[in-house]
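*Asks:* After the structure tokens below, expect a handful of questions from me.
Bear in mind these aren't lab numbers, they're just calculated from the coordinates by the rules spelled out. Predicted model only: the values in this text are computed from it and were never measured. Note that we place each Cβ from the backbone using ideal geometry, even for glycine, and neighbour counts take in every protein chain shown.
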Amino acid sequence: MTSTEPRSTEARSAPIRSRRFAFMDRGNVNLDGFAEPDAALGLTAFASPFDPEPEIEVRDGVVVRMDGRAAEEFDTIDAFVATHGIDVTVAEEAMAIPDQELARMLVDTRVPREEIVRISAGLTPAKMSRVMAGLQPVELQFAITKMRVRATPANQAHVTNRMDDPLLVAADAATAVAFGFRELEATVPVLADAPAVAMALLIGSQVPSAGALTQCSVEEAMELEMGMRGLVSYAETVSLYGTESVFLDGDDTPWSKAFLVSAYASRGIKMRVSSGAGAEALMGEAERRSMSYLEARCVSLARALGAQGVQNGGIDGASVAASVPMGVRELLSENLMVMMRNLESCSGNDTLMSESHVRRTSRTLPLFLAGSDFIFSGFGSIPRYDNMFGPSNFNAEDLDDYLVMQRDWGVDGGARSASEEEVLRLRRRAAEATRAVFRHLGLADFSDEHLESVVTAEGSKDLAEPQPLGVLHAARMIHELGLTALDVVAALDESGFTDEAERVLGMMRARVEGDYLQTAAIFDEEMQVLSALTDPNHYAGPGTGYRAPADRQAEIDSIRQARSVAELVTEQRDHEVPGAFEEQGTAAPGTRPDEVVIGVSPALGRTLHRTLSGLTVHEVLEELAAGLEEEGCSARVVRVNSSLDLGWIGLTAARLAGSGIGLGLQAKGTALIHRRDLAPLANLELFSVAPLVTREMYRTLGINAGRHAKGATPEPVRNAYSDEAITARYHTRVIAMITKERELCVPGKPPTELRWHR
């Protein structure tokens, strides 16, 4: 009987869900925020309908009209850019070039970089933004390859921790330099801790080698004071904004920023400014302009201020830019605008713009391939939880991936591998040197237990005896006593750390000389300045520009996970069982109907003794034989000498077996069941994914071979499966093992009977 009662309202209204979409909803990308474009809120990457038309009018060497405004209508940003940021001698020539032609000049290798720089000096913000909007992603990438200032790419690391622990800061600084970073940036969760953190960062940075630059990003007056004392060597957190109202919110003007830039430079402190798309939208004052246009104003202003470079590419607003269509493209264009104005580009990537590994890699990869003065303006060299700037786009969790990316592409990404032993040695040296300085200066004393925990720590969660009040006291003493980098030098020298003392003193000498105030300057580990003057980018198409020198390429190619064939074979010897296999002469066909032959590959038990799953070849044979015995069958082992092909090994075994059933086994662990009347590539059952085959599975394969020998049709054993990249993990080892198999393969040689001692 069919019921005519209506179903409940709840049942009728329950939504039908696609399991596929429910699965997709759980993806990390859906933790990100995405916005509909909204020009009124400043949520457009390029070409807002409210962006001004590019325009310039120069009269008697003075800009009297720019981007839709007459001089009397200029706001403070317009006025400063028009007066100090536009080269009026080329402005009208540059502005007359059509947008598309300018875009083509950027990617044309026949147009030298110097010509683009000359023309860009006359571009207004609106014109520069419009040109960026016309470039496809690959064209932006190509233009960056040509336009970056310094030939040699480099990288900056974040070095911070939740506790502001000086010993951990120093050890992490030494670790970052060991991995190749040439600038180290710290900040503090407690502002008053800054002097202690800056001092520790300085000491730790000079332990592995000379020349790493350091900064402690805090309130501008304190940062400048630490710079004047020599505790930091550069600054980059003087912020610029693209609208006047946001600028004035911080009680700043372009003129006050220009004064601050001059103050840093006059004391020999390298200095760049910070900006980035999305900041104005976050602060509710985007004035309906596109992110690209507002950032073009910031870049023009940076040039006008006389800053050495710009940290941009979204920075704190990166996730805002990335929330709108073409937002990630806009982040890349910000870096290009800096390069066009002949400024050092510290290219963002320092804010985690997505929880999706795919998205954050896609955001970084084009710039990584093109190269920049600093590919990251803060690679989180510490764990995400210890990054007091907030997680970077790449963090310590991603360092191995980054090193492998360099190797994959043959690209210099400013990093290198370091061995565990060397890093531990450097961490200990940095922690001991910092403890000695703090003791000598009467700032703090750290116990042996605390130091040992620092040496081996992943991060601040592993520290013994954290001393937040001790850090605060030390920082206050540094401030009140007026301690300088020279006091650090004396303390290091008198405590027996003479190399580190000399390197810190070398940083002081370099400040007096002033060469590292050149645009895009860094030191190499020999304290040679690499800059726009000493290491200019001369890319002009294929075969030109920066190519990693042989020693640097060797660093890129060398990662700690790489293994040679010789190393992998040596590991095999550790599992050898001498005398386990005894050659008995040429194998003859069997006659017993219960006999199953196990055919093994040429190198099994000779040079190869362990399968990819970790089981030894003896353990695998034991399970196969035990499975056969459970079914009342006997096992005979023969070595197939003429081929390493698993199908042929199994078929050869089947033809020798009295039952007509054979098992084939390669040393790497792949195995199958064969029958004498089948073609070589046909088989009854196959284990092809050797790393995932277990003892139980081999035993079941033996059982099934026995059942086939008795004429039964057993249920096949299914290949083990994993959604991990199993093949990528084992390919190198497979190649090494196959190489050894091939060395022992003798075409035409008959199979050999083996006596196997179980």
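*Asks:* Give a residue-ordered list of calculated ³J(HN,Hα) values for segment 419-425 (Karplus: 6.51 cos²θ - 1.76 cosθ + 1.60, θ = phi - 60°; whole Hz; x for Gly, Pro).
*Replies:* 6, 4, 5, 5, 5, 4, 4
*Asks:* What is the dipole size for the chain, taken about its Cα centre, with +1 at each Lys and Arg Cβ and -1 at each Asp and Glu Cβ, in debye to the nearest 20?
*Replies:* Roughly 3300 debye, rounded to the nearest 20.
*Asks:* Take each of the peptides 38-44, 542-548, 90-96, average the number of other beta-carbon atoms within 10 Å over its residues, and list them starting from the highest.
*Replies:* Per-residue mean Cβ counts within 10 Å order the peptides as 38-44, 90-96, 542-548.
*Asks:* Express as a percent, rounded to the nearest 5, the fraction of DSSP beta bridges in the chain (both residues included) that run antiparallel.
*Replies:* In the chain, DSSP labels about 45 percent of beta bridges as antiparallel.
*Asks:* Check THR214: other-chain or 5+ apart residues with amide H under 5 Å from its amide H, H built from backbone geometry?
*Replies:* Answer set, sorted by chain and number: LEU184, SER233, TYR234.
*Asks:* Below 8 Å, C-alpha to C-alpha, sequence gap of six or more: please give me the relative contact order for segment 170-305 in percent.
*Replies:* 21
*Asks:* Which Rg and Dmax, in Å, describe the Cα atoms of segment 179-280?
*Replies:* 14.5, 46
*Asks:* Helix 485-494 against the longest principal axis of the chain: what's the angle in degrees, Cα atoms only, rounded to the nearest 10?
*Replies:* Approximately 50 degrees, to the nearest 10.
*Asks:* Still on this structure: How far, in degrees from 0 to 90, does helix 498-513 lean away from the longest principal axis of the Cα atoms of the chain, to the nearest 10?
*Replies:* It is inclined by approximately 40 degrees.
*Asks:* If you don't mind, there's one more thing I want to ask. In percent, how large is the relative contact order of segment 373-456, given Cα pairs closer than 8 Å and 6 or more residues apart?
*Replies:* 19
*Asks:* Something else now. May I ask what percent, to the nearest 5, of DSSP beta bridges between residues of segment 568-756 are antiparallel?
*Replies:* Taking every DSSP beta bridge within segment 568-756, about 60 percent pair in antiparallel fashion.
*Asks:* Per the helix-only calculation at 222 nm, which mean residue ellipticity applies to the chain, given -39500 (n - 2.57) for every DSSP H run of n ≥ 4 and division by its residues, nearest 500 deg cm²/dmol?
*Replies:* Only helices count here, giving -12500 deg cm²/dmol.
*Asks:* If packing is taken as the average number of other Cβ atoms within 10 Å across a peptide's residues, how do 730-740, 334-344 rank, most packed first?
*Replies:* Details: 730-740: 17.6, 334-344: 27.3.
With the highest mean Cβ count within 10 Å placed first, the list reads 334-344, 730-740.
*Asks:* Given the convex hull of the Cα atoms of the chain, what is a quarter of its surface area in nm²?
*Replies:* Numbers: hull surface 186.8 nm².
The orientation-averaged projected area of the Cα hull of the chain comes to 46.7 nm².
*Asks:* Right, next: Kindly put THR152, THR145, THR652 in sequence by how many other C-beta atoms sit within 10 Å of each C-beta, fewest to most.
*Replies:* Taking fewest neighbouring Cβ atoms as first place, the list is THR145, THR152, THR652.
*Asks:* Quick one: work out Rg over Rh on the C-alpha atoms of segment 351-481, Rh as Kirkwood radius.
*Replies:* Numbers: Rg = 18.1 Å, Rh = 17.2 Å.
Answer for segment 351-481: 1.05.
*Asks:* Can you give the relative contact order of the chain as a percent, counting alpha carbon pairs under 8 Å and 6+ residues apart? Please list the in-between numbers first.
*Replies:* Details: 1618 pairs, mean separation 101.8, N = 758.
Relative contact order of the chain: 13 percent.
*Asks:* Note down the magnitude of the dipole of segment 408-515 about its Cα centre, charges +1 on Lys and Arg C-beta and -1 on Asp and Glu C-beta and zero elsewhere, to the nearest 20 debye.
*Replies:* 300
*Asks:* Would you be so kind as to identify which of THR544, THR89, ALA174 lies farthest towards the positive end of the dipole of the chain, taking Lys and Arg as +1 and Asp and Glu as -1 on Cβ and the Cα centre as origin?
*Replies:* About the Cα centre, the residue reaching furthest to the positive side is THR544.
*Asks:* As an exercise, identify the GluC sites (Glu not before Pro) in segment 433-496 lying in DSSP coil whose Cβ has no more than 15 other Cβ atoms within 10 Å.
*Replies:* GLU458
*Asks:* Next up: Once the mean 1/r over all distinct Cα pairs of segment 479-536 is inverted, what Kirkwood radius in angstroms do you read off?
*Replies:* Over segment 479-536, the inverse of the mean reciprocal pair distance is 12.7 Å.
*Asks:* Calculate how large, on average over all directions, the projected area of the Cα convex hull of segment 239-376 is; give the answer in nm² to one decimal.
*Replies:* Average of the hull's projected areas for segment 239-376 equals 8.0 nm².
*Asks:* So, one more: Quick check on packing: order 633-642, 389-398, 523-532 by the mean number of other C-beta atoms within 10 Å, highest mean leading.
*Replies:* Packing proxy ranking, top to bottom: 633-642, 389-398, 523-532.
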